[in-house]
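Report on the following structure.
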Amino acid sequence: MKANKYIIYQTLPRLFGNYNEHSAKNGSKEENGCGKFNSYTPEALAAIKDLGVTHVWYTGVIAHATCTDYTLFGIPKDHRSIVKGRAGSPYAIKDYYDVDPDLAVSVSDRMREFENLVERTHAAGMKVIIDFVANHVARSYRSLSKPVYIRDLGQDDHTEQAFSNTNNFYYLPGRHVELKFGAQEEDFEYSEFPAKATGNDCFSDTPNLTDWYETVKLNYGIDYLDNRSKHFEPIPDTWNKMLDILLFWTSKNIDGFRCDMAEMVPVEFWAWAIPRVKSRKNVKFIAEVYNPALYREYIKIGKFDYLYDKVGMYDNLRKIICHKAPTTNISDCWQSIEDIREHMLFFLENHDEQRIASEFYVGNAQAGLPGLVCIATLNANPVMIYNGQELGERGMDEEGFSGRDGRTTIFDYWSMDTVRRWANNGLFDGARLTDKEIALRNYYKRILNLVREEKALASGNFYGLAYCNKYTPNFPSAQIMAYLRKYENELILVLINFDSGSHSFRLNIPKNAFDVLEIPDNVATSMRELLTGEEAIVALTYTCPFQCTLPGYSAKLLKVVY
């Protein structure tokens with residue numbers, strides 16, 4: 001029986017099922033192709049689940065601004081100047097009650113195709129997560145698919161008022177926004193009157209290229225021009241409208257929301273909304289919060305289940321993987337969140353970050369394997385994998401709006417080389433992968449399944465060994481991470497080498513570890529290395545250091561049962 005440890009797989013449907021091998025820079029949907037909801041066949045979902053996945057995060061489901069023309073289906077065309085890339089950003093929502101028509105085989109049946117995807121994912125034994133973009137919407141926002149009893153965002157706003165808690169947007173009365181970004185396909189410039197505040201808290205009628213110029217900020221009752229004063233009584237109109245949206249998607253039988261830039265929305269809204277949603281269904285809420293000073297507030301007050309651990313674990317592991325920081329940094333950041341560990345979501349890649357195998361990161365997918373073992377085995381909290389990470393996707397294409405930046409584009413019509421070859425035209429047998437790519441995926445599969453199968457890794461107690469070996473002679477404390485996980489009579493010693501070279505060393509396991517974890521001293525027993533299956537008879541004791549050798553970019557998970 002596998003333990004209740006969550007393994008989240010982030011995937012962009014637009015890219016996942018696109019098998020075009022000859023995409024053109026800045027290419028249209030017709031030129032470059034586009035994945036569909038239907039691309040996630042039972043075979044595809046079975047292959048994803050085989051990796052150890054419990055939850056699939058489908059990124060870019062909700063309808064967003066795009067340069068593709070869907071006016072034949074009654075969907076207004078977006079102005080080129082307020083769309084990033086040809087496909088558009090999944091975080092510039094244009095209709096909260098609709099799905100992206102790009103992802104449907106039959107545009108008219110797009111919502112049903114999404115509902116079928118949810119059903120297939122559940123049938124495959126996994127749960128569904130989608131984005132909830134709460135802080136901003138596309139400049140072109142207008143819901144054509146909302147229920148008839150719902151008033152649209154901005155529909156009843158008093159646009160002559162810069163701020164009102166009954167308004168859904170912030171206004172710059174009497175001022176225009178004129179945007180000239182991107183190639184002009186229209187005969188007229190984009191103009192907005194009165195101007196609205198831009199999504200990244202830019203209260204200007206001239207947002208620049210580095211602003212989130214394609215979006216406008218939603219008003220949750222905070223007057224940013226008056227010292228951020230709060231106006232939460234009566235309940236701001238936006239709160240009720242966003243709750244309706246959350247309940248709408250919950251009714252589609254999804255299992256969780258990844259909440260984009262949650263820290264830019266007042267915690268009071270989350271504290272009010274999340275319990276109301278959970279009263280209907282126990283969906284999970286994951287917050288994108290980058291400020292560590294807000295972590296506890298968004299967990300304890302805001303009621304989030306999990307938070308991105310970007311500034312702590314991600315940033316430190318990236319430095320360690322790139323040999324710019326010692327592994328002792330992991331202990332430091334781990335201790336800083338000791339009281340909220342189970343709420344932190346660990347990851348090495350996502351759509352915002354550069355690929356491990358890119359030249360902008362470390363340039364070698366193998367170098368990320370120690371980091372994978374670390375985030376997967378440290379605690380019971382969730383782990384997230386980004387589609388293609390397990391195959392060594394490099395993110396080094398020059399797709400269009402993104403440029404060649406080591407990331408996989410979220411703005412353009414494109415496909416991922418490794419994923420395309422793994423999918424093998426829908427067979428999902430990996431037949432077109434290289435031996436190195438197959439070995440990499442198998443390593444991910446072994447680790448991600450182990451951390452769910454082994455109770456000590458999934459939910460056991462933790463004891464760090466870095467500090468107590470700080471002064472052990474010849475212990476490579478800058479490159480080696482070591483700790484114990486214990487569940488009942490099962491003990492696993494985790495050893496991780498972040499260095500490219502091999503290390504032989506002696507590891508002290510202090511008497512305090514034996515006492516705290518209730519490990520019997522000096523009992524001869526069989527020790528099995530979980531990654532290779534190799535066995536040996538050992539007698540762990542605090543009176544004698546444990547001898548170990550670790551090859552470069554490797555780990556050992558040594559299990560003892562007393």
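Show me, for segment 63-74, the HN-Hα J-couplings you get by feeding each phi into the Karplus relation (A = 6.51, B = -1.76, C = 1.60, θ = phi - 60°), rounded to Hz, glycine and proline as x.
3J(HN,Hα) across segment 63-74, in whole Hz: 4, 9, 4, 8, 8, 6, 8, 10, 5, 5, 9, x.
Quick one: which residues, 5 or more positions from Tyr483 or on another chain, have an amide H under 5 Å from its amide H? H modelled 1.01 Å from N in the peptide plane, none for Pro or chain starts.
Result for Tyr483 returns Leu465, Val494.
Looking at segment 185-241, which GluC sites (Glu not before Pro) are in a loop (DSSP not H, G, I, E or B) and have at most 14 other Cβ atoms within 10 Å?
Here the sparse-neighbourhood loop sites are Glu185, Glu186, Glu189.
For segment 147-163, in order, what is each residue's ³J(HN,Hα) by Karplus, 6.51 cos²θ - 1.76 cosθ + 1.60 with θ = phi - 60°, in whole Hz (x at glycine and Pro)?
3J(HN,Hα) across segment 147-163, in whole Hz: x, 5, 7, 8, 7, 6, 4, x, 4, 10, 5, 8, 6, 7, 9, 4, 9.
Rank these residues by their accessible area, most exposed first, probe 1.4 Å: Glu30, Glu453, Glu399.
Ranking Glu30, Glu453, Glu399 by accessible area, largest first, yields Glu30, Glu453, Glu399.
At 4 °C and 1.567 mPa s, grab the translational diffusion coefficient of segment 408-523 from Stokes-Einstein with a Kirkwood Rh over Cα pairs, rounded to a whole number in µm² per second.
Values: Rh = 17.7 Å.
Here the translational diffusion coefficient equals 73 µm²/s.
Just to be sure I follow the rule: in segment 410-562, considering lysines 8 or more places apart or on different chains, how many pairs have Cα atoms under 28 Å apart?
Taking the Cα cut-off of 28 Å, the pair count is 20.
Grab the DSSP H runs of the chain that are 4 residues or longer, score each as -39,500 (n - 2.57), total them, divide by all residues and round the 222 nm result to the nearest 500 deg cm²/dmol. All intermediate terms of the calculation are to be shown ahead of the outcome.
Working: 13 runs with 120 residues, N = 562.
That comes out to -6000 deg cm²/dmol.
When the Karplus curve 6.51 cos²θ - 1.76 cosθ + 1.60 is applied with θ = phi - 60°, which whole-Hz ³J(HN,Hα) does each residue of segment 294-311 get, with x for Gly and Pro?
9, 3, 5, 5, 7, 7, 7, 8, x, 6, 6, 6, 9, 10, 4, 9, 8, 5
Considering the options Gly395, Trp249, Pro382, tell which one lies farthest towards the positive end of the dipole of the chain, charges being +1 on Lys and Arg and -1 on Asp and Glu at the Cβ, about the Cα centre.
Pro382
Taking a probe of 1.4 Å, how large is the accessible area per residue of segment 206-247, in Å²?
Ligands and nucleic acids excluded, the figure is 47 Å² per residue.
Under 25 Å between C-alpha atoms is the cut-off here; go through segment 127-252 and count lysine pairs that meet it, provided they're at least eight residues apart or on different chains.
Here the count comes out as 14.
Taking amide H positions as placed 1.01 Å from N in the peptide plane, with prolines and chain starts having none, which residues 5 or more places from Leu345, or on another chain, fall under 5 Å of its amide H?
Amide H to amide H, under 5 Å and 5 or more residues apart or across chains, Leu345 pairs with Leu307, Tyr308, Asp309.
Of the DSSP beta bridges with both residues in the chain, give the percent that are antiparallel, rounding to the nearest 5.
Around 65 percent of the beta bridges assigned by DSSP in the chain are antiparallel ones.
Find the centroid of the Cα atoms in segment 498-536 and in segment 374-405, then give the distance between the two in whole Å.
31 Å
What dipole magnitude, in Debye to the nearest 20, does the chain give about its Cα centre under +1 on Lys/Arg Cβ and -1 on Asp/Glu Cβ?
Magnitude of the dipole: close to 1400 debye.
Heads up, I need the accessible area for Arg258: 1.4 angstrom probe, whole protein in place, Å², nearest 10.
0 Å²
Have a look at segment 441-507 and give its Rg and Dmax from the Cα atoms, expressed in angstrom.
In order Rg, Dmax, the Cα atoms of segment 441-507 give 13.5, 37 Å.
Run the 1.4 Å probe and let me know the accessible area of Glu43, rounded to the nearest 10 Å².
Approximately 100 Å² of Glu43 is accessible to the 1.4 Å probe.
Shape call for the chain from the C-alpha gyration tensor, a ≥ b ≥ c root eigenvalues: rounded (a/c under 1.5), prolate (a/b greater than b/c) or oblate?
prolate
Pick out, in residue order, every one of the chymotrypsin sites (Phe, Trp or Tyr not before Pro) in segment 464-543 that is DSSP loop and has at most 12 other C-beta atoms within 10 Å; say none if there are none.
Listed in order of number, the matching sites are Tyr471.
In whole percent, what relative contact order does segment 423-562 give with Cα contacts below 8 Å and a gap of six or more residues? Don't skip to the end; give the middle numbers.
Numbers: 240 pairs, mean separation 31.9, N = 140.
Contact order relative to length: 23 percent.
Which residues' amide hydrogens lie under 5 Å from the amide hydrogen of Val99, considering only partners 5 or more residues apart or on another chain, with H built in the peptide plane?
Amide H neighbours of Val99, under 5 Å, 5+ apart: Ala63.
Out of the total accessible area of segment 494-562 (probe 1.4 Å, heavy atoms of protein only), what percent is carbon and sulfur?
C and S atoms contribute 50 percent here.
Points 7 angstrom from Cα along the Cβ direction at Asp109 and Thr532: gap in nanometres?
Label at Asp109, label at Thr532, 5.3 nm between them.
The values are calculated or read from the model by the stated rules, or taken from the named source; none is laboratory data. Here the structure is a predicted model, which is why all the values come from computation and not from measurement. Counting neighbours? That spans all protein chains shown, and the Cβs are built from the backbone with ideal geometry, glycine included. The accessibility values were calculated without ligands, DNA or RNA, using every heavy atom of the protein model including side chains. Shrake-Rupley method; radii C 1.70, N 1.55, O 1.52, S 1.80 Å.
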